[in-house]
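Structure first, commentary second.
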Amino acid sequence: MRSSTSYNLWLIAPAALMVGLFFLYPLFFSLYSAITTDEGGLTLAHLEKAFELYSNDILFTIIIVLASVVLLAILSISIAALITLSPFRSIVSLLGFIYRIPLFIPFIVTAQMMRTFLAKNGLMNNAFIASGMLTPLETVSFLGWSGIIIVFVWKQLAFCTLLITGAMAALDESQIRAARNLGASRLRILFQIMLPQITPTIGVAMILSTVTIMSVLSVPLMIGTGTPTMIATDMAFRINSYGDYHVANALGLVSYLICAGLAWFYLRQSLKDKGAI
Amino acid sequence: MRNTMKHQLSLLTLCQSNKIRPSFWIQCVFILLFAFALFGPITNLLIWTVAETWYFPHALPSEWGLNIGTKSLILTVMSQAP
């Protein structure tokens, strides 16, 4: 028994070492740097400075993330429901093919595409003008907070839909058939039978998207108007312009705290799925 | 009695067929909008790679060519040269 335990410990040692060395050490080092001075004494000055200078940006980041996640949830559930429940197989196969395309496009390319697409003189407005829906004077630029949300939703939609469609496809089909036989509409099947069962998966998809959105630097830099901007941009600015790692790490700590609650939910859910809890 | 049942059945069939048609068109419109949102930016990027001049509010570039792409390729190669 004891040798078996020792064998198991040796088995997980390489993976644990890698996680410790390349994930936990940098994480704790940046947390330590956020609350200590150069001499090693504890201080909250960096956090105070971060809040003093960037509280608007922190609020802006939270609003952008929340708006993106709400839109993502609505759209990805709609597409996944259409794929799972639609009786028109040709539409489903077409949709099933096209929705995955953004998965293979990097964030920086997406930002560049959207920068020229959503601008006042971009292809979107040009198409509306050519079709007679707008005049050149009525066109509006979407570069700014709305553009940032559009880019995040555009890029993350494929990932969320993939997870949610998988969860919907894994449901017991006999329940859906039984509901149909009893006369339930597709909308009712979606809201009363499918969604309650896949809520954890939707939660996980949204959490992973939140963490991705929080970490992207290229989109607020290329689509945003400068002020207010997202936390990632401020962190890059503190490091590149001032070499101020303490305030950058303090901003990182704020990001960690926002993501930590979500990460706790995700880890708890994944352990629960594996039967560990 | 039989006629009434027949009438009800035909009504039901009509309702069902009516129910399916708008749903089909709604799904088609949804897919068209989705395709525009998805392929619009990608098309935009592809057009810009072969556009020489593109003035607002024209839907397409007024001059097409590969000069800009070639120039940027040459600049990239030159910047990497020792």
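Yes/no matrix, rows are residues, columns are (1) within 14 Å of another protein chain (Cβ to nearest Cβ); (2) more than 22 Å from the chain's Cα centre (by Cα); (3) not aliphatic (A, V, I, L, M); (4) not in a helix (DSSP H, G or I):
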position	(1), (2), (3), (4)
A:G40	no, yes, yes, yes
A:H46	no, yes, yes, no
A:K49	no, yes, yes, no
A:I58	no, no, no, no
A:T61	no, no, yes, no
A:V65	no, no, no, no
A:I79	yes, no, no, no
A:L94	yes, yes, no, no
A:V109	yes, no, no, no
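Got at least one residue in region A:261-270 being under 17 Å from the mean Cα position of the chain (by Cα) and more than 23 Å from A:L162 (Cα to Cα)? Reasoning before the result, please.
Step one: list which residues in region A:261-270 are under 17 Å from the mean Cα position of the chain (by Cα), which gives A:261-267.
Those still in the list that are more than 23 Å from A:L162 (Cα to Cα) too: A:261.
Yes, region A:261-270 contains a residue that is under 17 Å from the mean Cα position of the chain (by Cα) and more than 23 Å from A:L162 (Cα to Cα).
Among the listed residues A:W145, A:W154, which satisfies the condition of being more than 14 Å from every other protein chain (Cβ to nearest Cβ), within 23 Å of B:G40 (Cβ to Cβ) and either in contact with a Pro (Cβ under 9 Å, 6 or more places away or on another chain) or buried (at least 20 other Cβ atoms within 10 Å of the Cβ) (or both)? Step through it out loud before you land on a result.
On the way: A:W154 fails: more than 14 Å from every other protein chain (Cβ to nearest Cβ).
Sole residue among the options that is more than 14 Å from every other protein chain (Cβ to nearest Cβ), within 23 Å of B:G40 (Cβ to Cβ) and either in contact with a Pro (Cβ under 9 Å, 6 or more places away or on another chain) or buried (at least 20 other Cβ atoms within 10 Å of the Cβ) (or both): A:W145.
Among the candidates A:A127, A:A119, which residue alone is within 11 Å of another protein chain (Cβ to nearest Cβ) and part of a loop (DSSP other than H, G, I, E, B)?
Working: A:A127 fails: part of a loop (DSSP other than H, G, I, E, B).
One residue alone meets the criteria, A:A119.
Please tell me if A:P200 is surrounded by fewer than 17 Cβ atoms within 10 Å (Cβ to Cβ) and touching a residue at least 12 places away in the same chain (Cβ under 8 Å). Show your work before the answer.
Numbers: surrounded by fewer than 17 Cβ atoms within 10 Å (Cβ to Cβ): yes; touching a residue at least 12 places away in the same chain (Cβ under 8 Å): yes.
Against the criterion (surrounded by fewer than 17 Cβ atoms within 10 Å (Cβ to Cβ) and touching a residue at least 12 places away in the same chain (Cβ under 8 Å)), A:P200 qualifies.
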_Of all residues in region B:58-68 being exposed (fewer than 15 other Cβ atoms within 10 Å of the Cβ) and under 15 Å from A:T116 (Cβ atoms), the one that is modelled with the lowest pLDDT_ = B:I68
_Members of region A:234-254 that are surrounded by 12 or more Cβ atoms within 10 Å (Cβ to Cβ) and free of Cβ contacts under 8 Å to residues at least 60 places away in the same chain_ = A:M235, A:A236, A:F237, A:R238, A:I239, A:D244, A:A248
*Which of the residues belonging to region A:217-269 are more than 24 Å from A:I35 (Cβ to Cβ), at pLDDT 85 or above and of a type in the set (G, A, S)?*
A:S218, A:G224
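Looking at A:L82, A:L11, A:L95, A:L103, can you tell me which residue is without any contact (Cβ under 8 Å) to a residue 60 or more places away in the chain and surrounded by fewer than 13 Cβ atoms within 10 Å (Cβ to Cβ)?
Testing whether each residue is without any contact (Cβ under 8 Å) to a residue 60 or more places away in the chain and surrounded by fewer than 13 Cβ atoms within 10 Å (Cβ to Cβ) leaves just A:L11.
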*Checking B:Y55 against (1) part of a helix (DSSP H, G or I); (2) more than 14 Å from A:F117 (Cβ to Cβ); (3) at the interface with chain A (Cβ under 10 Å from one of its Cβ atoms), which test does it fail?*
(1)
*Could you list, in sequence order, all residues of region A:22-63 that are hydroxyl-bearing (S, T, Y) and within 28 Å of A:T225 (Cα to Cα)?*
A:Y54, A:S55, A:T61
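Going by the conditions given, is A:V65 out of contact with any strand residue (DSSP E or B) (no Cβ under 8 Å at 6 or more places or on another chain) and closer than 30 Å to A:Y32 by Cβ? Give the steps one after another, and end with the answer.
On the way: out of contact with any strand residue (DSSP E or B) (no Cβ under 8 Å at 6 or more places or on another chain): yes; closer than 30 Å to A:Y32 by Cβ: yes.
Against the criterion (out of contact with any strand residue (DSSP E or B) (no Cβ under 8 Å at 6 or more places or on another chain) and closer than 30 Å to A:Y32 by Cβ), A:V65 qualifies.
Taking region A:135-179 on its own, how many of its residues are small (G, A, S), in a loop (DSSP other than H, G, I, E, B) and without any contact (Cβ under 8 Å) to a residue 24 or more places away in the chain? Don't jump to the end; show me each part of the working.
Just the residues of region A:135-179 that are small (G, A, S), to begin with: A:141, A:144, A:146-147, A:158, A:166-167, A:169-170, A:174, A:178-179.
Checking the rest, the ones that are also in a loop (DSSP other than H, G, I, E, B) come to A:141, A:144, A:170.
Narrowing the set further to residues that are without any contact (Cβ under 8 Å) to a residue 24 or more places away in the chain leaves A:141, A:170.
Count: 2.
Yes or no: region B:32-54 includes at least one residue that is modelled with pLDDT under 85 and farther than 28 Å from A:A81 by Cβ.
Within region B:32-54, not a single residue is modelled with pLDDT under 85 and farther than 28 Å from A:A81 by Cβ.
The values are calculated or read from the model by the stated rules, or taken from the named source; none is laboratory data. Since the structure is predicted, the reported quantities are computational estimates derived from the model, not experimental observations. Quick reminder, even Gly has a Cβ in these numbers, built from the backbone with ideal geometry, and neighbours come from all protein chains shown.
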